[in-house]
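Colleague: Below is one structure. I have some questions about it.
The values are calculated or read from the model by the stated rules, or taken from the named source; none is laboratory data. Owing to the predicted nature of the structure, the values given are computational and were not obtained by experimental measurement. Virtual Cβ from ideal backbone geometry, glycine too; neighbours counted across all protein chains shown. Surface accessibility is based on the protein's heavy atoms, side chains included, excluding ligands, DNA and RNA. Shrake-Rupley method; radii C 1.70, N 1.55, O 1.52, S 1.80 Å.
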Amino acid sequence: MNVRDVYSIFWNLNSHLNKLLISIDYLQLIIDHDENEEIFDFLAPHIGRLIVNSWDEIDLQRFSNLFSLTLTRPSPMQLKQIQADTMPKITFLSLCSNMYISLPKQLIYDVFSNRFSHLRWARLGRIDTFDSLLWSQSFSLRHLHIDCSHPTMIPFILTSCPNLDHLHIDFLRYSDKLILPSPVILNHPLRKFILRDYCHLISYDDIRMLIIFIPNTTKIELKFFCNTSFIILIQYLCIHLAQLQRFDCEIVEYPIDSTTSITTIRQVHPSFNHIALTALFQEEDMCSAATKASAELATFGAGCFWGTEKFFRKQFGNNLLSAVVGYMGGASKASYEDVCKGTTNHAEVLQVSYDPNKVVYADLVRFFFRMHDSTTLNRQGNDRGTQYRSVIFTHTNEQQKTAEQVRDEVQASGKVKGQIVTQIEPVNGLKFFEGEPYHQRYLEENPDGYCNHRLYF
């Protein structure tokens, strides 16, 4: 439960309730802005789970009994306060990525030197440097997600986390800083590895080097620009990953290899059976290999896109070929900060691709109306503004007709209380702008993150 709600209702009704509130441990507090200091003074020692959705200068060190901390908009001042000496019980730490802010060296040292001795799950921000004189090992970490700028950082991460089970690396920017030679790693127990390269920093040789370090991996996901044959890549994976069960990818092969075909790919290993090939830019010398087939698009705005993505993924699972959060409705590309100002006309949206032979568009629309409040104008719960409006962007005339029919069915059914205000708009040249990498699968990576969605019927 969120202690702010309890506090606003029950605090100071009588002394017995006050004592009862103070006696409860491991309460949850969500901070959206600078809060009433009285809440902090009385209840901070009893807060176990803290979620901060603000970059205000909040005194975090008073929360000495935290086991879970999520900062969705971390500021340098907030990051400096995360220290093992003042938060010794932390088991879950999620810092929403900001590619312009590097983590403090003290925080990096505390995480990778086992000073947070209970920390098991960490989504950290940008790590640019490795100081071999300071880092030692974190034996408690099992799940780690970081942003970095050089592939030779990964062996040091593996060395410092000998019991890691899940590693997710995003490459968001280039760095030419010198990195020490890779350490020797033998038989690391890592089971799941995700690498997403948004800046074309990774080469096939880098992948070969990394795979040698993680022979026990059973699930792998790669997004990068492959400078060799895709067939050569997957054959190498099969040789060195004997326990591989699942392979997902979004890989551009250049130059294209004439031997790359669906048949040859699926003959290599059963884990490659769901891969499809698509031509890029209508050029004959470039090909994309991805775990998706010919698809149709559907785009929905239902408030904060974190929750929208979570609910659609949970409902439709692998029947969705892809699900990407972003912005749509405005005239030009904008950042998350710009959209939050409410001046771009963009809405936070989820764009999904799906195989129409497996998913019916009408079912997507019906679920859209189930998982949010379609009767509140420019608002979902505590989120207010045009960027949180209820909207369906239709990609075909058939989608437009279907969306309007489903809307009328839902309105007539009496399952919603009030008049539906959902906008149903043809795309008509509007562009979808993919959201920043740290917003993708946000609640999957940050299970304690902010979400105000629920099923209404």
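Colleague: Does ARG366 satisfy being in contact (Cβ under 8 Å) with a residue 60 or more places away in the chain and more than 20 Å from the chain's Cα centre (by Cα)? Break it down stepwise before answering.
Modeller: Numbers: in contact (Cβ under 8 Å) with a residue 60 or more places away in the chain: no; more than 20 Å from the chain's Cα centre (by Cα): yes.
So ARG366 fails the test.
Colleague: Kindly establish whether GLN61 is over 14 Å from GLY125 (Cα atoms), under 26 Å from the mean Cα position of the chain (by Cα) and not in a strand (DSSP E or B).
Modeller: no
Colleague: How do the pairs read when you match residues in the stretch 307-322 that are open to solvent by 20 Å² or more (accessible area, probe 1.4 Å) with residues anywhere that are acidic (Asp, Glu) and modelled with pLDDT under 90, using Cβ under 8 Å and keeping only pairs 6 or more apart or on different chains?
Modeller: LYS310/GLU444; ARG313/GLU444; ASN319/ASP355; LEU321/ASP355
Colleague: In addition: Do you know which of the residues in the stretch 223-275 that are under 19 Å from ASP197 (Cβ atoms) and aromatic (Phe, Trp, Tyr) is modelled with the lowest pLDDT?
Modeller: TYR254
Colleague: To continue, here is another question. How about the stretch 401-440: which of its residues are open to solvent by less than 60 Å² (accessible area, probe 1.4 Å) and among the charged types (D, E, K, R)?
Modeller: If the condition is that a residue be open to solvent by less than 60 Å² (accessible area, probe 1.4 Å) and among the charged types (D, E, K, R), then GLU425, GLU436 are the ones that fit.
Colleague: Can you pull out every residue in the stretch 323-352 that is open to solvent by less than 10 Å² (accessible area, probe 1.4 Å) and part of a helix (DSSP H, G or I)?
Modeller: Within the stretch 323-352, VAL339 is the sole residue that qualifies.
Colleague: Tell me, yes or no, whether the stretch 389-400 has at least one residue that is under 16 Å from GLY307 (Cβ atoms) and either without any contact (Cβ under 8 Å) to a residue 60 or more places away in the chain or assigned to a loop (DSSP other than H, G, I, E, B) (or both). Let's see the steps before the verdict.
Modeller: Looking only at the stretch 389-400, we keep the residues that are under 16 Å from GLY307 (Cβ atoms), and these are 389-391.
Now narrow it down to the ones that are either without any contact (Cβ under 8 Å) to a residue 60 or more places away in the chain or assigned to a loop (DSSP other than H, G, I, E, B) (or both): 389.
There is at least one residue in the stretch 389-400 that is under 16 Å from GLY307 (Cβ atoms) and either without any contact (Cβ under 8 Å) to a residue 60 or more places away in the chain or assigned to a loop (DSSP other than H, G, I, E, B) (or both).
Colleague: List every residue pair whose Cβ atoms sit under 6 Å apart, with the two residues 6 or more apart in sequence or on different chains, where the first one lies in the stretch 337-352 and is on the phi > 0 side of the Ramachandran plot and the second, anywhere, is part of a loop (DSSP other than H, G, I, E, B).
Modeller: GLY342/GLY385; ASN345/GLY329; ASN345/GLY330
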